[in-house]
Amino acid sequence: MFASLSSNRFTSRLRDYVGTLAQDGLVVVDVTGPTFDDLVRRTSAAMLRANRSSIFDVTELVTHAVQINDEQGMDFSRDCVFNNISAHLPSGTDETTNVQLPPLDPPDLRWSPTAGAAEHSTLTWMPAPPFPNRLVLQLIAAQPALVVGLSTGDTRHVPQPEIAGLLRGMEGVLVAAGAGPLHLADVPDLTGLTPVPRDSNWVRVGVSWVQLSEVQTLLREALGTPAYATAEPDGDGHRLTAHLLASDGVRTPRQAHTACMAHLGGRYAVAAPHHYVLHDSAPTDLTDLAAWRSRPVLARGDGRASTEDHR
C-alpha cells in the first residue's frame, strides 16, 4: 500500500477546467507472484482504481486522518511518494535556484536488454527538491530513453549511496524483465539489495517497524515524567504498553496519549503506546518491568478519544 498522486482529469464536468488538479490516491497492490509482468499488470489496474477514487473533500480527509492517527498512535505522512508530478524538472535552467539542470532524455543515455545495464546508463546528481518526503520516485521520461528520478528529503536516513543502490537495483530488474519472463522470486538477487538488519530493539506494530528506543525517547520528551515502554506479542505484531509516573500535567491515559501524539511529528520508526498505566510512584530502575507492575495503579486505558479513559 502506498500513496500516488492522481491528476483527477477524467470526469466530463472537468472538461472546461484549466489549472492544476491533483490529489493523493491510496494504491493497494497484491505483490505475490508469479512474474514481474504479472505484477506490472496488477499495479496498472490498481493505479487506475485508485485514481478514479481519489477525488475527495480535503477538509473531511484531514478530519478523518486526525481521528485515525489518534486511534493508531501513528502520524500518517507521505514518506514514500510515486508519480509525483509536482517534482517534474524541466530542461534548462531552474529559475528558482538558478542551477543549470541536465536536459531530459540525454542523448548519451542508452539501454540494451542484452547487455550489462551499467555500461549503457548514467547516474546524474541533481539539486534535491524541497520536499520533506523520505523517498520521491518520478518517471521523468520514457522516450527515447527511460529517465527515472529518485530523491529524498532526509539524507540522514537515505544517503546518496542508498539512492544509487536503489536506482541500480531498479535498473537491473527492468533490464532482466526486458530480456524475458522474470519470476518475482528472482528479483531480490537481481537488485543486489539486502534487507535492513534489525535487532531486538525493533518490533512490528501492525504493518510498521517501530524502534523501542525511539518510543522511550518519545515518552521522555512528551510526558516529562519517568516512564517505560514494553512490547508484547499480539497476533502477527506487538502491542506497546507504557508505564509512567502520574504528574500534575498527566493524570489520565487520555492526557498521556494526547501528549505523545503532539510530539510524533517529524519522527521516524516510532508509535504512541496502545495502552497507558499510570502509577503513584516510579521504581529506581525505570527498565525494571516487575518493579513497575508492583507499584499501585492510579489509572489505566488506551487513551483514545473514541473509548474514554478506563480507571
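The values are calculated or read from the model by the stated rules, or taken from the named source; none is laboratory data. This structure is a prediction, so every number in the text was calculated from the model and none was measured. Cβ atoms come from the backbone with ideal geometry, glycine included; neighbour counts cover every protein chain shown. Ligands, DNA and RNA are excluded from the accessible area calculation, which covers all protein heavy atoms including side chains. Shrake-Rupley method; radii C 1.70, N 1.55, O 1.52, S 1.80 Å.
If amide H atoms are built 1.01 Å from N in the plane of the peptide, which residues on other chains or at least 5 residues away come under 5 Å of the amide H of Gly25?
Sorted by chain and number, the residues that satisfy this are Ser4, Leu5, Ser6.
Per residue and in cubic angstrom, what volume does the convex hull of the Cα atoms of region 215-272 have?
In region 215-272, the Cα convex hull volume per residue is 78 Å³.
Over region 202-311, give the accessible area per residue in Å² for a 1.4 Å probe, as an integer.
48
Can you tell me the order of 199-208, 57-66 when each peptide is scored by its average per-residue count of other Cβ atoms within 10 angstrom, highest first?
By packing density, highest mean first, the sequence is 199-208, 57-66.
Roughly to the nearest percent, how much of the accessible area of region 143-210 is carbon and sulfur, given a 1.4 Å probe?
59
How about region 11-58: which trypsin sites (Lys or Arg not before Pro) there are in a DSSP loop, with at most 14 other Cβ atoms within 10 Å of their Cβ? Write out the running numbers ahead of the final one.
Numbers: sites: Arg13, Arg15, Arg41, Arg42, Arg49, Arg52; in loops: Arg15.
Of the trypsin sites (Lys or Arg not before Pro), the ones in loops of region 11-58 whose Cβ has at most 14 other Cβ atoms within 10 Å are Arg15.
From the gyration tensor of the Cα coordinates in region 186-291, what semi-axes in whole Å does the equivalent ellipsoid have, largest first, with each one equal to sqrt(5λ)?
Here the semi-axes work out to 31, 14, 12 Å.
What ³J(HN,Hα) values, in whole Hz, does the Karplus curve 6.51 cos²θ - 1.76 cosθ + 1.60 give for region 13-28 when θ = phi - 60°, with x put for Gly and Pro?
Ordered by residue, 3J(HN,Hα) equals 5, 9, 5, 9, 6, 10, x, 7, 8, 7, 9, 6, x, 9, 9, 10 Hz.
Around Val205, which amide H atoms from residues at least 5 apart in sequence, or from another chain, sit under 5 Å from its own amide H, with H modelled in the peptide plane?
Under 5 Å from the amide H of Val205: Val210, His238.
In nanometres, what is the gap between the two model label sites at Asp16 and Arg49, each 7 Å from Cα along Cα-to-Cβ?
Between Asp16 and Arg49, the simple spin-label model gives 3.5 nm.
Give me the mean projected area, in nm² to one decimal, of the convex hull enclosing the Cα positions of region 124-180.
Averaging across all directions leaves 4.4 nm² for the Cα convex hull.
Amide H of Ala141: which non-local residues (sequence gap of 5 or more, or other chain) have their own amide H closer than 5 Å, using H built in the peptide plane?
Those lying under 5 Å, H to H, from Ala141 are Val147.
Find the percent of Cα-Cα distances in region 253-311 that exceed 19 Å, and round it to a whole number.
It works out to 40 percent of all Cα pairs.
Using a Förster radius of 30 Å, what is the FRET efficiency between Asp24 and Glu232 based on their Cβ-Cβ separation? Nearest 0.05, please.
Numbers: r = 34 Å, r/R0 = 1.13.
Step by step, r from the Cβ atoms, then E = 0.35.
How are the C-alpha pair distances of region 1-73 spread across 10 Å bins, as whole percents from the shortest bin up?
Result, from short to long distances: 17, 36, 30, 15, 1 percent.
What's the ranking of 240-253, 182-195 by average number of surrounding C-beta atoms within 10 Å, highest first? All intermediate terms of the calculation are to be shown ahead of the outcome.
Values: 240-253: 19.6, 182-195: 13.4.
Peptide ranking by packing, descending: 240-253, 182-195.
Could you work out how far apart the two model spin labels at Ser247 and Thr59 are, taking each label as a point 7 Å from the Cα in the direction of the beta carbon, and quote it in nm?
Simple spin-label model gives 3.7 nm for this pair.
Taking the highest mean first, how do the peptides 257-264, 22-29 order by number of other beta carbon atoms within 10 angstrom per residue?
257-264, 22-29
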